[in-house]
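Read the structure below first, then the notes.
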Amino acid sequence: MEVPEAAEGGDHVVNLSRLGLEKLSLEQVAEERCQDAQQLLLPHNRLLVLPPSVGVFSQLLLLDVSNNGLAYMGEEILALTCLKTLLAKNNRLDEASLPKDMGALRLEVVNFSGNQFEELPGQLLQMPTLKTLSMGGNRLKSIPSEIENITSLEFLYLGGNFISYIPPEIANLPHLSYLVLCDNRIQSVPPQLAQLHSLRSLSLHNNLLTYLPREILSLVHLQELSLRGNPLVVRFVRDLTYATPTLLELAGRTIKSRGIPYNPWELPENLVRYLDLASKCPNPKCGGVYFDSCVRHIKFVDFCGKYRLPLMHYLCSPECSSPCSSISSQSESDSEDEASVAARRMQKVLLG
């Protein structure tokens, strides 16, 4: 098929979209256009493999091969050393489709949504320059802990997969502002997510969540929290198993609650480390601490005067649950201060 030269979009754009191409011929593209082009648009064609001739476009900043039948990208993409944006959504790509050295590219935007990936490609985990990663509508079953290697990541879209677990390492992404995990099989949210101080939008709708960690109140820049379509609990959790504290824990509780001083030259290193891991009981009427033995308790907090979020609390003992385990008006009044603070922090809480 004869390939016409495209003039749309300016001198630095070669637009060959919607031409029914099965391969890319450069006969109709002037050599200088190939060398100067910064964008090559090939969406909505019939390409099954990335055309080897794309390597001629040495100055490309953006390559769009979306909506083809693309199943393979060869080594020729490695010649695009200036490439910043790679759009390849709605194809047939999987883990075996990418060259193993693709991680050497300094990409900033990658969109592999609507493909057949069952795992996050290891090549992408080697790109610390990546800012936007979209892999929605694939077959992903998990998020690897190595996600923390993409230190520049600002936008992560993994909606519409089969993910059941959020690794705590995702909290090590200092610039992450938008996290989309909707339409998966996630059952819980790790409290470490509270470390994502740049997070502005968290989409968790259509999952299997029954509660949220209370630490989520620390997300001071969060503007949008989407939770609709989750089986969020409508009553407090009772009758949960409480493991009897060990002698080590009882001794640790006594030292921490009574403020008994300790230092590294008087105690073994492992005991000092253990004592430093004490968690303060959130019940304001208690003031105790706990280590490994605690009672899980769900407390509802009002947001924006309309929605009630079930937040998970960890109390030091079953006796601690009585002041805040009732769903009476007293329980609601206990959470008014906490709710009013949180309401100012969130502009949108989408539950319905």
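The values are calculated or read from the model by the stated rules, or taken from the named source; none is laboratory data. Keep in mind that what you see is a predicted model, and the values were worked out from it rather than measured. Using ideal geometry, Cβ is built from the backbone for each residue, glycine included, and neighbour counts are taken over all protein chains shown. For the accessible areas, the whole protein counts, side chains as well, though only heavy atoms, and no ligand, DNA or RNA atoms are used. Shrake-Rupley method; radii C 1.70, N 1.55, O 1.52, S 1.80 Å.
Structure above, values below:
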| item | result |
| --- | --- |
| Residues of region 80-108 that turn out to be part of a helix (DSSP H, G or I) and buried (at least 16 other Cβ atoms within 10 Å of the Cβ), as a count | 3 |
| Residue match in region 248-259 (condition: open to solvent by less than 70 Å² (accessible area, probe 1.4 Å) and part of a loop (DSSP other than H, G, I, E, B)) | yes |
| Selection count, region 157-167, where residues are open to solvent by 50 Å² or more (accessible area, probe 1.4 Å) and of a type in the set (S, T, N, Q) | 1 |
| Tally of residues being modelled with pLDDT of 85 or more and open to solvent by less than 50 Å² (accessible area, probe 1.4 Å) across region 264-287 | 5 |
| Selection count where residues are touching a Pro at 6+ places or on another chain (Cβ under 9 Å) and farther than 22 Å from Asp101 by Cα, scope region 111-161 | 1 |
| Qualifying position, being without any contact (Cβ under 8 Å) to a residue 40 or more places away in the chain, open to solvent by 20 Å² or more (accessible area, probe 1.4 Å) and at positive phi, among Gly114, Gly122 | Gly114 |
| Single match in Leu50, Leu42, Leu62, Leu70 (criterion: within 28 Å of the chain's Cα centre (by Cα) and open to solvent by less than 10 Å² (accessible area, probe 1.4 Å)) | Leu70 |
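Yes/no per residue for (1) closer than 20 Å to Ser113 by Cα; (2) touching a residue at least 40 places away in the same chain (Cβ under 8 Å); (3) part of a helix (DSSP H, G or I); (4) open to solvent by 20 Å² or more (accessible area, probe 1.4 Å):
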site	(1), (2), (3), (4)
Lys141	yes, no, no, yes
Glu169	no, no, yes, yes
Pro174	no, no, no, yes
Arg185	yes, no, no, yes
Gln192	no, no, yes, yes
